[in-house]
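Asker: Just dropping this structure here.
The values are calculated or read from the model by the stated rules, or taken from the named source; none is laboratory data. These numbers come from a predicted model, not from an experiment. Neighbour counts run over all protein chains shown; Cβ positions are idealised from the backbone, glycine included.
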Amino acid sequence: MNVITMPKKALNRGIRLSFMIVTLFITSMISAIADAQEAPPIFGDITINQKFSPDPLTVRGMSGGSVPGKKVAGRAETATGPCTGFVDQAPDHKLQLTSKFDYLKLQVESPEDTIIIIKGPGGTWCNDDFQGKNPGIVGEWLKGTYQIWVGSYKKGKYFPYTLKITEVK
């Protein structure tokens, strides 16, 4: 009788241990997914309407590329600043505005000196130093799709950044 119950006890302990391991694994995966959802997306495309939430809305990326900013912008300077630095051929983000905004601010935050180029309804805008070494564009925005490039001053140098979009003045 002890011979039969011992293996059952060992088997029950093994099953309980297996369930505990699986539970811990699932719990850690759920936690990792929740943490990943809290971080802003990388190179994400954005669609917003007025009174969007959360505000500020953030996306991340890596600045830089090998194409001169003035080539992408089609000019060396705009009313908002010079079209300098180097970017990728394709935009880093696409911003879809489903309505007109009387005020909207896009600002890059990076540990390195970066530039921004935005092309969309109404024209092209460039900036290199909105607040310190971080670029940004602020003002009235028309409904439509905007292409956004974030670049670096040195060709082929890539740096992490966060792009913040806000309606707050």
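Asker: (1) aliphatic (A, V, I, L, M); (2) under 15 Å from the mean Cα position of the chain (by Cα); (3) surrounded by fewer than 20 Cβ atoms within 10 Å (Cβ to Cβ): which one isn't true of L106, the others all being true?
Answerer: Looking at each condition in turn, L106 falls short on (3).
Asker: How about the range 126-147: which of its residues are surrounded by fewer than 24 Cβ atoms within 10 Å (Cβ to Cβ) and either within 18 Å of the chain's Cα centre (by Cα) or within 18 Å of D88 (Cα to Cα) (or both)?
Answerer: D128, N134, G136, I137, T145, Y146, Q147
Asker: Still on this structure, please answer the following. Scan the strands (runs of 3 or more DSSP E) fully inside the range 55-169 and keep the ones with 3 or more residues being closer than 19 Å to I42 by Cα and at pLDDT 95 or above.
Answerer: 57-63, 93-97, 101-109, 114-120, 144-152, 159-166
Asker: On to the next question. Restricting the first residue to the range 116-138 and requiring it to be free of Cβ contacts under 8 Å to residues at least 40 places away in the same chain and within 16 Å of K100 (Cβ to Cβ), which pairs with a second residue that is among the hydrophobic types (A, V, I, L, M, F, W, C) and assigned to a loop (DSSP other than H, G, I, E, B) meet a Cβ separation below 9 Å and a spacing of at least six or different chains?
Answerer: Once the first residue is free of Cβ contacts under 8 Å to residues at least 40 places away in the same chain and within 16 Å of K100 (Cβ to Cβ) and sits in the range 116-138, its partners that are among the hydrophobic types (A, V, I, L, M, F, W, C) and assigned to a loop (DSSP other than H, G, I, E, B) give G120/L142; P121/L142; G122/L142; V138/F130.
Asker: Looking at this structure, is T114 over 21 Å from the mean Cα position of the chain (by Cα), surrounded by 19 or more Cβ atoms within 10 Å (Cβ to Cβ) and hydroxyl-bearing (S, T, Y)?
Answerer: No, not satisfied.
Asker: Related question: Name the residues in the range 68-93 that are crowded, with 16+ Cβ neighbours inside 10 Å and within 21 Å of the chain's Cα centre (by Cα), would you?
Answerer: Residues satisfying the conditions are G69, V72, G85, F86, V87, D88, P91, D92, H93.
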